[in-house]
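Input: a single structure, listed below in structure tokens.
The values are calculated or read from the model by the stated rules, or taken from the named source; none is laboratory data. Quick caveat: nothing in here was measured; it's all calculated off a predicted structure. Surface areas here come from the heavy atoms of the whole protein model, side chains and all, with no ligands, DNA or RNA. Shrake-Rupley method; radii C 1.70, N 1.55, O 1.52, S 1.80 Å.
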Amino acid sequence: MNPLYVNARSQIKASQNVKVLQQGSSVLVRVIADKGGGQYEGSVAGVRVNLRSKNPLKPGDTFTATVNLNNEKIEITPKAESGISFLADKVFVEAQGQSQLQNLLAEIGLPPDEINSHIALQMKQLGMKLDAEAIRKLHALSIRFAGKEKKAAELLTILKDKGIELSQTQLLELLNLLEKEADGGEEAESPALKIINHKSGWIFLPYEIVNAPGNTPSENESSLLGRGIIRLLIGDDKKLSKLNFNLLINNNEYLFNLDFENKKCKKIRCNFPVKESEVEKTLEALGKKLLGCGAPQIIFAEKSELEGSGCESEEFFEVGGRV
């Protein structure tokens with residue numbers, strides 16, 4: 001079935017709840033008027049749009065469709081049960097940048113500060129509804145963790161998505177563990193971590209790299225070589241969509257964010273100690289080693305974009321007015 005491309009005609013009024021188009025999500029499409037020549041005025045998830053249809057439509061027709069975000073372009077494909085197919089010219093949609101995200105927060109009555117922005121980006125990554133009241137509550141809880149506000153905001157949003165509530169003591173313990181402040185051992189068996197990992201969404205797996213028994217150079221030298229956290233984003237369908245991991249070794253940190261689609265790694269974002277002049281050569285060498293994995297796109301990114309869940313690299317999409 002051919003996709004339908006949409007082009008927004010007008011802005012919608014600011015709302016306390018903003019629905020962001022997500023890959024694979026369903027939207028309701030309604031035909032409002034016939035403009036002639038196979039062109040129609042319609043509504044997609046409440047936003048006025050221009051439609052171009054291969055088949056005749058009439059005002060009042062409604063159907064559900066699936067969203068596909070393809071190279072910063074929004075495509076909408078009617079579901080099979082609709083009995084309708086479309087053919088239309090492509091309309092390119094720009095991804096929203098951070099300044100536009102801040103405008104969006106202001107529109108729904110929230111201060112566009114760093115914490116609110118991070119919560120919104122985390123909600124976007126998890127496919128949550130951008131709800132102003134929920135963001136306010138998460139913000140209020142986050143600022144209780146002095147010096148860890150942003151990381152607390154991310155973790156609290158992940159917990160909300162899972163429907164889990166933890167005490168402030170449990171949250172602080174978990175934050176310390178995820179910040180690599182724990183020395184492994186019993187703390188790595190955190191009860192709070194077990195609660196979180198029991199549900200789909202972000203799964204956290206602390207790990208350590210140690211010397212093999214008998215390989216420690218001296219009794220006074222630690223057998224610990226490095227440690228980090230493996231993070232897996234698993235949907236309700238039990239499919240892996242993201243794998244993030246970091247490794248702290250020899251006082252250097254290596255970060256990798258992997259994006260998966262249909263069980264294949266499509267993109268890798270990374271950051272590690274390397275001279276600027278050698279980045280391209282290093283990525284090329286890494287790409288050759290990963291040829292057997294489907295040759296994913298490899299990007300050297302800012303450390304801030306990769307830390308934690310990596311939600312800072314998320315983008316918002318709009319079609320004129322927001323959908």
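Looking at the square roots a ≥ b ≥ c of the eigenvalues of the Cα gyration tensor of the range 255-314, which shape do they give, rounded for a/c under 1.5, prolate if a/b is larger than b/c, or oblate?
Values: a/c = 2.72, a/b = 1.04, b/c = 2.61.
The shape class here is oblate.
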Margin query: In whole percent, and with a 1.4 Å probe on the protein chains, what portion of the accessible area of the range 229-323 is carbon and sulfur?
Written below: 49
Margin query: For the full complex of protein chains and a 1.4 angstrom probe, list S309, S25 by accessible area with the highest value first.
Written below: S25, S309
Next item on the list: Using only protein heavy atoms and a 1.4 Å probe, report how much of R144 is accessible, in Å² to the nearest 10.
Entry: 140
Item checked: Interchain or long-range residues, amide H under 5 Å from I32's placed H -> E41, G42, S43, G60
Check: Quick one: accessible area per residue over the range 202-302, 1.4 Å probe, rounded to a whole number of Å²?
Finding: 66
Notebook entry, point to check: Can you give the accessible area of D34 in Å² (nearest 10), computed on protein heavy atoms with a 1.4 Å probe?
Noted result: 90
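Exceeding 32 Å between C-alpha atoms, which entries from my cross-link table qualify? They are K58/K264; K239/K289; K79/K289; K124/K263; K199/K264.
K58/K264; K79/K289
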